[in-house]
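Below is one structure; the comments refer to it alone.
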Amino acid sequence: MDFQPLPAGTDADLLHPAYRSTARRGPRQPPLRVRLPAATEAGLALPPSLLLPRDADLTARGASAPLGEKIAVVGRVVDEDGRPVRDSLIEVWQCNAAGRYWHAKDQHDAPLDPNFFGFGKCFTDGDGRFRFVTIKPGPYPWGNHDKAWRPAHIHFSLFGNVLAQRLVTQMYFAGDPLLALDPIVQSIPDATARTRLDAHLDMDATVGAEMLGWRFDIVLRGRGATPFGL
């Protein structure tokens with residue numbers, strides 16, 4: 001499989017002054033090109049047994065329904081030529097509707113939801129499609145600068161069908177006014193590439209009066225690639 005380099009500006013700047021922590025952890029030396037081992041192109045197969053019955057429904061993990069707006073997130077994962085990335089593991093994690101993560105290091109003054117833990121996983125099907133159910137996450141302050149609030153987002157980890165398709169990124173909600181103010185989003189130089197992180201309202205994925213649907217399509221590598229999220 002021949003992977004083409006990403007167009008300039010697709011991925012985030014690893015040193016972005018407005019995103020202050022990059023000054024401490026960003027690389028200072030230019031990247032080195034390495035030859036990928038043969039196993040990189042041999043294919044990556046993960047067993048379906050990794051998925052438990054309720055992993056694709058983040059709202060069904062507690063004793064009762066979590067608080068917040070229930071949503072369905074759907075999409076299709078393809079390679080740079082539009083071919084489906086089949087039977088590939090997707091992991092997601094997020095904060096709750098109040099903007100707090102189920103993690104000891106998150107001490108944001110917002111309530112934890114005892115029925116929402118904020119993580120799940122699913123596999124793409126034979127056409128590269130996926131679907132999971134969750135609660136729309138809330139924005140939260142993150143201390144980068146005065147009045148710094150992160151837009152609502154969901155973290156994605158994708159393994160693809162080969163190691164070179166590995167992607168960790170973030171999904172945002174189109175139209176969120178915080179997107180234009182967020183240094184993490186704005187660290188992606190190309191404005192068109194930034195829009196590839198936006199999920200869009202999808203009435204076909206909406207389930208009656210139960211939940212709205214949002215569509216987030218993902219391209220792994222090459223032309224039209226979904227940016228790597230910091």
### Task
With respect to Ala97, determine if the residue is touching a strand residue (DSSP E or B) at 6+ places or on another chain (Cβ under 6 Å), of a type outside the set (D, E, K, R), part of a loop (DSSP other than H, G, I, E, B) and surrounded by 18 or more Cβ atoms within 10 Å (Cβ to Cβ).
yes
### Query
Within segment 97-141, which residues are touching a Lys or Arg at 6+ places or on another chain (Cβ under 8 Å), of a type in the set (A, V, I, L, M, F, W, C) and farther than 28 Å from Leu220 by Cβ?
Ala97, Ala110, Leu112, Phe116
### Summary
Just one listed residue, out of Arg100, Arg76, Arg86, Arg131, is more than 28 Å from Ala209 (Cβ to Cβ) and basic (Lys, Arg), and it is Arg86
### Query
List, please: which pairs have Cβ atoms under 6 Å, are six or more places apart or on different chains, and start with a residue in segment 107-133 that is within 23 Å of Glu69 (Cβ to Cβ) and end with one that is hydrophobic (A, V, I, L, M, F, W, C) and surrounded by fewer than 17 Cβ atoms within 10 Å (Cβ to Cβ)?
Asp113/Leu67; Phe117/Trp102; Gly118/Trp102
### Query
Within the set of pairs 6+ apart or on separate chains, which have a first residue in segment 54-68 that is among the acidic types (Asp, Glu) and assigned to a loop (DSSP other than H, G, I, E, B), a second that is surrounded by 13 or more Cβ atoms within 10 Å (Cβ to Cβ) and modelled with pLDDT of 95 or more, and C-beta atoms under 7 Å apart?
Asp55/Gly120; Asp55/Lys121; Asp55/Cys122
### Task
Just need a number here: residues in segment 85-106 that are farther than 15 Å from Pro66 by Cβ, within 14 Å of the chain's Cα centre (by Cα) and free of Cβ contacts under 8 Å to residues at least 60 places away in the same chain.
0
#### Entry: Residues that are closer than 12 Å to Ala72 by Cα, surrounded by fewer than 10 Cβ atoms within 10 Å (Cβ to Cβ) and of a type in the set (A, V, I, L, M), drawn from segment 191-208
Met203
### Message
As an exercise: evaluate Gly143 against (1) without any contact (Cβ under 8 Å) to a residue 24 or more places away in the chain; (2) within 27 Å of Arg33 (Cβ to Cβ) and give the number of the one condition it does not meet.
### Response
(2)
### Query
Where residues in segment 126-153 are within 20 Å of Thr206 (Cβ to Cβ) and not β-branched (Val, Ile, Thr), which of them is surrounded by the most Cβ atoms within 10 Å (Cβ to Cβ)?
Pro137
### Task
Say whether the condition of being at pLDDT 95 or above, over 16 Å from Ile71 (Cβ atoms) and not aliphatic (A, V, I, L, M) is met by at least one residue in segment 156-167.
yes
### Summary
Residue count, segment 116-125, condition crowded, with 16+ Cβ neighbours inside 10 Å and either more than 16 Å from the chain's Cα centre (by Cα) or over 27 Å from Gly160 (Cα atoms) (or both), comes to 2
### Query
Can you tell which of Asp79, Asp11, Asp106, Asp87 is surrounded by 10 or more Cβ atoms within 10 Å (Cβ to Cβ), closer than 19 Å to Ser187 by Cα and acidic (Asp, Glu)?
Asp11
### Task
Count, please, the residues in segment 205-230 that happen to be within 11 Å of the chain's Cα centre (by Cα) and either of a type in the set (Asp, Glu) or at positive phi (or both).
1
### From Ala205, Ala193, Ala199, Ala164, residue being touching a residue at least 60 places away in the same chain (Cβ under 8 Å) and part of a loop (DSSP other than H, G, I, E, B)
Ala205
### Task
Quickly run through segment 161-177 and pick out the residues that are out of contact with any strand residue (DSSP E or B) (no Cβ under 6 Å at 6 or more places or on another chain) and of a type in the set (Val, Ile, Thr).
Val162
### Query
If a residue has to be surrounded by 10 or more Cβ atoms within 10 Å (Cβ to Cβ) and under 20 Å from Asn144 (Cβ atoms) to count, how many in segment 17-37 make the cut?
8
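The values are calculated or read from the model by the stated rules, or taken from the named source; none is laboratory data. None of the values given here were measured: they were computed from a predicted structure. Every residue, glycine as well, gets a Cβ built from its backbone with ideal geometry; the counts of neighbours run over all protein chains shown.
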